[in-house]
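The values are calculated or read from the model by the stated rules, or taken from the named source; none is laboratory data. Predicted, not measured: the structure shown is a model, and the values here were computed from it. All Cβ positions, glycine included, derive from the backbone under ideal geometry; neighbour counts span all protein chains shown. For accessibility, only protein heavy atoms count, side chains too; no ligands or nucleic acids. Shrake-Rupley method; radii C 1.70, N 1.55, O 1.52, S 1.80 Å.
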Amino acid sequence: MTAVHVLDAVRTPFGRYGGALAGTRPDDLAARVVGALVERAPRLEPAAVDEVLFGNANGAGEENRNVARMASLLAGLPTSVPGATVNRLCGSGMEAAVQGARAVQTGDASLVLAGGVESMSRAPWVLPKPARGFPATDATLHSTTLGWRMVNPRMPRRWTVSLGESTEGLAGRHGVDRADQDAFALASHEKAARAWADGVFDAETVQVEGAHLDRDEGIRDTSREQLAALKPAFSDDGTITAGNASPLSDGAAALLLGDDAAVRATGLEPLARLVSRGVAGVDPDVFGVGPVRAAEIALQRAGIGWGDLTAVELNEAFAAQALVCLRAWPELDPAIVNPHGGAIALGHPLGASGARLVGSLAHELRRRGGGWGLAALCVGVGQGIAVVLHA
C-alpha cells in the first residue's frame, strides 16, 4: 500500500479549565491549527486537501454540527474540501489520524488534514427532553465536561464509575502507591518546563489570537512535598490527587498527512511515516490498561519490538494508569517515554490529545535523527489506541 507521510504537525498550547483559552470557541481553536498547517506550507494549494478529519469527544456544545467542517470553513479552505468528525473519546484525535492515514494508504486520498479539538471549559450543560409534555417536576442539568451522563440503567454499575474511581481500583490492584504516582507527576512537570525553556515545542506550537498563552498552562512549579500535601480527589484513603492526574484542558492539534505525490506538491520534508496502528477493548472499569494491548498490536503490525523504539508518547490520563501500562511493558526503556513531559503537565483536552501525541512524536523523531516511535492512549469506556511512526 501507499506510504503515509506526516508532513507537518502543529498544536496550540493547552489551557487549563477556565483559563487562558476559555474565551475561545472550540471551532475557532480547530480552525487555528487547520489554518496554521496551510500557512506553513506555502506551496500547498488548499483545494488539494482531500479531506479534513477531526476528533472531538463532546460534540454537545459549540463544536456540534461537525467541527471538522466548521474548522475548515472558518480557516478559509474552499467549500469543496469535505470534513468529518470522529469520536473515540480520549483517542479521538488519534482516531482521526488513523482514518486519514488509511484513506491515503488505500489511495482514497492524497492529502488529508487530521486533528482534534476540545474545550472542556466551554462544554455545556444539557437537559434531557421530558417523556411527555408539560412536566410539573424539576429537571436536572447534566455537565458535559467529563465522564458519564444520562447513563443507560441497563449498564452494569461497575462499568459506569468515574474515571478517577476506576483508576483508584487499578492502582490498588497493581500496587501503584501514592509516592510512585507523585514522583511520576513531578517528572512530567519538570520535563515539560525544561522543554519549553529549551525551545523544544517551538516548532510544533502556534499561538491563539486573543489568548495570552505562550506555553501549556497546566505546568506546575512544584515539589514532592507539595504534591504529597494534596488531598485525595476520589476517596479519603485514595492515592489520586489533582497533582498526579491530568487537568481538564482546552486546545487543538492537527497533522498534515500525505502520499509521495503530496510530498512533491507541498515541498515539505516529511517528519515521519505513519506505519501501523492498533486498537483494543477492555472492561470499562479498567479502561486505563487499554493501551497495553493496543500498543502490542501496533508493534506487531509494524514488525518491530519494544527494543526497536527510539521514543514513546504515552498519554498520562493519570500517573497510576500510565505506571500500570509501563509495568506491563518490561522490555520498554522508561527513559524514552514522554521525554518532554506528558498530559499531567501539558494538559489533556480530550479530543486533541491523540493528535498531539502523534505530532509530538513525529517532531521528536526528527530531533533524534530518525528511528521508530510509538504513541498510545487509554480511552474511556474501556479502549486503547496506538500508532507506530518511523523516520
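Brief remarks on what is shown
- Carbon + sulfur, % of accessible area of the chain - ligands and nucleic acids excluded, 1.4 Å: 51 percent
- Computing FRET efficiency as 1/(1 + (r/R0)^6) for GLN207 and ARG154, where r is the C-beta to C-beta distance and R0 is 45 Å, gives about 0.45.
- Placed amide H near LEU248: partners under 5 Å, 5+ positions off or other chain: TYR17
- Restricted to Cα atoms, segment 152-239 shows a radius of gyration and a Dmax of 17.8, 52 angstrom.
- Most fluctuating residue given options LEU274, LEU127, LEU309, as computed from a GNM of the chain linking Cα atoms under 10 Å: LEU127
- 11 Å cut-off, amide nitrogen to a point 7 angstrom out along LEU230 Cα→Cβ, residues in segment 339-356: 344-345
- Ordering ALA245, PRO330, THR144 by Cα displacement along the dipole of the chain toward the positive end leaves THR144 in first place; charges were set at the Cβ atoms of Lys, Arg (+1) and Asp, Glu (-1).
- Of the residues ASN56, VAL208, PHE134, the one whose Cα sits farthest toward the positive end of the charge dipole of the chain, with +1 on the Cβ of Lys and Arg and -1 on the Cβ of Asp and Glu, is PHE134.
- Length gained on full extension, ASP214 to THR140, computed as 0.36 nm times the residue gap minus the Cα-Cα distance: 22.8 nm.
- Quarter of Cα convex hull surface for the chain, i.e. mean projection, nm²: 19.9 nm²
- Solvent exposure of segment 66-117, expressed per residue, is 32 Å² of accessible area, with all protein chains present and a 1.4 angstrom probe.
- Sites ARG264 and ARG368, calculated FRET efficiency, Cβ-Cβ separation with R0 35 Å, nearest 0.05: 0.85
- The mean sequence distance of close C-alpha pairs (under 8 Å, at least 6 residues apart), as a share of the length of the chain, puts its relative contact order at 28 percent.
- Unit charges on C-beta of K, R, D, E only; dipole of segment 71-190, Debye: 680 debye
- Cβ-defined net charge surrounding PRO247, 13 Å radius [Lys, Arg +1; Asp, Glu -1]: -3
- Under 12 Å, Cβ to Cβ, from PHE201 - net charge with Lys/Arg +1 and Asp/Glu -1: 0
- Other-chain or far-sequence residues with amide H under 5 Å of ARG273's (modelled H): VAL6, HIS390, ALA391
- Charge sum, other residues only, whose C-beta stays under 15 Å from ALA68's C-beta, Lys/Arg counted +1 and Asp/Glu -1: -3
- Taking amide hydrogens as placed 1.01 Å from N in the peptide plane, the amide H of ARG215 sits under 5 Å from that of no residue at least 5 positions away in sequence or on another chain.
- Sites ALA242 and GLU45, calculated FRET efficiency, Cβ-Cβ separation with R0 41 Å, nearest 0.05: 0.30
- Cα centroid of segment 238-255 to Cα centroid of segment 331-382, whole Å: 14 Å
- Taken about its Cα centre, the chain carries a charge dipole of roughly 740 debye when the Cβ of each Lys and Arg holds +1 and the Cβ of each Asp and Glu holds -1.
- For segment 170-318, the spread of Cα positions along the three principal axes, ordered from largest to smallest, is 58, 42, 27 Å.
- Expressed as a fraction of 2.2 N^0.38 Å, the value expected for a compact globular protein of N residues, the C-alpha radius of gyration of segment 295-370 is 1.09.
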